[in-house]
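The values are calculated or read from the model by the stated rules, or taken from the named source; none is laboratory data. None of these values were measured; they are calculated from a predicted model. Please note: Cβ atoms are built from the backbone with ideal geometry, for glycine as well, and neighbour counts cover all protein chains shown. We work out accessible area using only protein heavy atoms, side chains counted, and drop any ligands, DNA or RNA first. Shrake-Rupley method; radii C 1.70, N 1.55, O 1.52, S 1.80 Å.
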Amino acid sequence: MKSNFYGNKKPLVAVMFCTALLSGSPVAYAANVGGGTAYAADKTTATNKDGFIWYNGEQAITYSVSESVSPVVTVALDMFKGDMQQVTGVMPQKKSSDTAIIDIVQLDKDKSAAKELCRQGVPVDSLIIKKDAFFIKVFDKKRLLVVGSDGRGTAYGILELSRLAGVSPWVWWGDVTPIKKEQLLLPADYITFQSPSVEYRGIFLNDEDWSLQPWSWKNFEPSPIKGRIGARTYKEIFKLLMRLRANAIWPGMHGITTPFYFIPGAKEAADSCGIVIGTSHCEPLMRNNVGEWKVKERGDYNYMTNREGVHSYWIERLKEAGRYENFYTMGMRGIHDSGMEGVKTLQEKTDALQQVINDQRKLLSKYVEKDVTKIPQTFVPYKEVLQIMENGLQIPDDITLIWCDDNYGYMTRLSDEEQQKRSGGAGVYYHLSYWGRPHDYMWLCTTQPGLIYSEMKQAYDCHARRLWIANVHDLKPVAYDLELFLDMAWNIHSVSHSTLHQHQ
């Protein structure tokens, strides 16, 4: 059935958003929903008498920023400035650090500032050892310090200010217009230190050809190339992920969708937003088999009979993408969501997959990083691969095991006591939408929030803390469930079984 799902701007969905989104009110976002490790309670209400005014209703918000910052910080600053123009009606202005009301520092790029930051109460030693972390503090009721451990941490800190000003992460995708403010106020003792509970957090754009993909190439950025999710669309997706404090994506990969690495500017957009690229369970070593493996040109996708051809195919992408920050999927299945070709018995499948992994490690060592243990790698025991794994497959200790749900929100397996000791740790691949047998659910997200909380909390308690990926065919149908999933990935203590209603 041909979809009529998309419109002139963003795809519209009959979907039950949480109350804050329906009302258009961003107030719920002013109270650090995601949270994090905090030195004091994050109170975001204050009076003029005891508060710190960072917008007084007359003058533009002013800010300073480290001389050298990562591209993701520049993108976050542009987003923040646009947010503040909507909230205050005035575009923020860049000033010197001695006159600006907000002082932004990317610590790993400006280590010379460490001594002064320590004097101002910034826990530099604790901050610098964490990835993607940030610290915000009102200093002497005169200025607001925003210090990030690295590029992404600094960007998340900047966008935390947007949240404090009442800007929803769904300001663009959900058309949630911020409420105009005559004044922006924080308590004089406001302080927060946040860092992620899960190292890599993101989405898998799957079954994207039902709505997101045709909307992109037919409406948002018209293209003569059918099936292309363009770089502008991906940039807006990445910006939403930044607002949700996510840092990873498995791009769309269906047969009629243009492969990610074939889209001009897509990889550059990901890098500018600090987004790590990975691939799904059937796309080893960054290759989109459905869109990239041409049987007429390369022969069968069969490791038993065409090993040299498969190696050449993988090497092409490693040479192209090896210099970037990626998460490499290890192993091999069929071209799409099917079993490995050329093997029949369970033992044949096990032996073949073992050889594949051993050979892939050699390729990574040769073309990406000599010390292969330093390269982020995943192994996803999805469907038939779980049985192969349990038949004695030897997976190197530094590879992250990605456990899967049953396609309907119930985890099928988690790390046992011995697997929890693995240096590569574990992660989760979790469906918030699904297209397949026996039942589809895509137009409405039907996964109960309590189930997400229960399954993800159990996964975290079993040390699945390296990578969390949510399967989504589009962003708007899963808006609330996705935010809950990523809030928990950012701060596992941001919600409990007794506070789910409050989170909504």
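So here's what we get for this one:
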| item | result |
| --- | --- |
| Share of carbon and sulfur in the accessible heavy-atom surface of the stretch 354-504 [1.4 Å probe, %] | 48 |
| Per-residue HN-Hα couplings for the stretch 233-240 [Karplus 6.51, -1.76, 1.60; θ = phi - 60°; Hz; x = Gly/Pro] | 5, 4, 4, 5, 4, 5, 5, 5 |
| Dipole magnitude of the stretch 291-417 about its Cα centre (Cβ charges: Lys, Arg +1; Asp, Glu -1), debye to nearest 20 | 520 |
| Kirkwood hydrodynamic radius (C-alpha pairs) into Stokes-Einstein, the stretch 310-466, 20 °C and 1.002 mPa s, D in µm²/s | 126 |
| Amide H contacts of PHE52 (H built 1.01 Å from N, under 5 Å, at least 5 apart or other chain) | LEU186, ALA188 |
| Mean separation of Cα contacts under 8 Å (6+ apart) over length of the chain, as relative contact order % | 16 |
| Dipole moment magnitude, nearest 20 debye, the stretch 457-504 about Cα centre, only Lys, Arg, Asp, Glu C-beta charged | 160 |
| Integer Hz, Karplus 6.51/-1.76/1.60 couplings in order for the stretch 182-188, x for Gly and Pro | 8, 7, 10, 9, 10, x, 4 |
| Chymotrypsin sites (Phe, Trp or Tyr not before Pro) within the stretch 389-445: DSSP coil, no more than 13 neighbouring Cβ in 10 Å | TYR408, TYR410 |
| Solvent-accessible ranking of HIS473, HIS336, HIS503, HIS497, largest area first, probe 1.4 Å | HIS497, HIS336, HIS503, HIS473 |
| Heavy-atom accessible area per residue - the chain, 1.4 Å, Å² | 41 |
| Using θ = phi - 60° and Karplus 6.51 cos²θ - 1.76 cosθ + 1.60, couplings along the stretch 72-89 (whole Hz; Gly, Pro as x) | 5, 5, 4, 5, 4, 4, 4, 5, 4, 5, x, 4, 5, 5, 5, 6, 9, x |
| DSSP bridge pairs, the chain: antiparallel proportion in percent, nearest 5 | 30 |
| Surface accessible to a 1.4 Å probe, LYS142 within the full protein complex, Å² | 140 |
| Evaluated at q = 0.14, 0.26 Å⁻¹: base-10 log I(q)/I(0), Debye formula over Cα of the stretch 444-504 | -0.36, -1.22 |
| Carbon plus sulfur fraction of accessible area for the stretch 161-271, probe 1.4 Å, in percent | 54 |
| Positive-pole candidate from SER162, TRP293, MET389, dipole of the chain, charges at beta carbon | SER162 |
| Low-density loop positions, GluC sites (Glu not before Pro), the stretch 369-441 - DSSP coil, at most 15 other Cβ in 10 Å | GLU369, GLU390, GLU417, GLU418 |
| Three principal axis lengths of the stretch 373-494 [C-alpha, angstrom, descending] | 40, 34, 24 |
| Aspartates and glutamates with Cα under 12 Å of LYS181, excluding same-chain neighbours fewer than 8 positions away | GLU58, ASP83 |
| Alpha-carbon radius of gyration plus Dmax, which is the widest Cα pair, for the stretch 299-374 in Å | 12.9, 38 |
| Amide hydrogen neighbours beyond the local backbone of VAL276, cut-off 5 Å, H modeled | ALA248, ILE249 |
| Whole-angstrom gap from the stretch 283-306 to the stretch 147-176, using each part's C-alpha centre | 40 |
| Amide H contacts of THR400 (H built 1.01 Å from N, under 5 Å, at least 5 apart or other chain) | GLN377, THR378, PHE379 |
| Of all DSSP beta bridges in the stretch 53-176, antiparallel share, percent nearest 5 | 40 |
| Residue-count net charge about LEU451 - beta-carbon cut-off 12 Å; Lys, Arg +1, Asp, Glu -1 | -3 |
| Given charges at Cβ of Lys, Arg, Asp, Glu: the chain dipole, positive-most of TYR367, SER197, ALA459 | TYR367 |
| Spatial extent of the chain: Rg and Dmax, with the Cα atoms as the point set, Å | 23.1, 77 |
| Nearest-10 value in Å² for the accessible area of LYS239, using the 1.4 Å probe | 50 |
| The chain, dipole about Cα centre (Lys/Arg Cβ +1, Asp/Glu Cβ -1), debye to the nearest 20 | 940 |
| Peptides ranked, highest mean first, by Cβ atoms within 10 Å: ranges 278-286, 265-273, 454-462 | 278-286, 265-273, 454-462 |
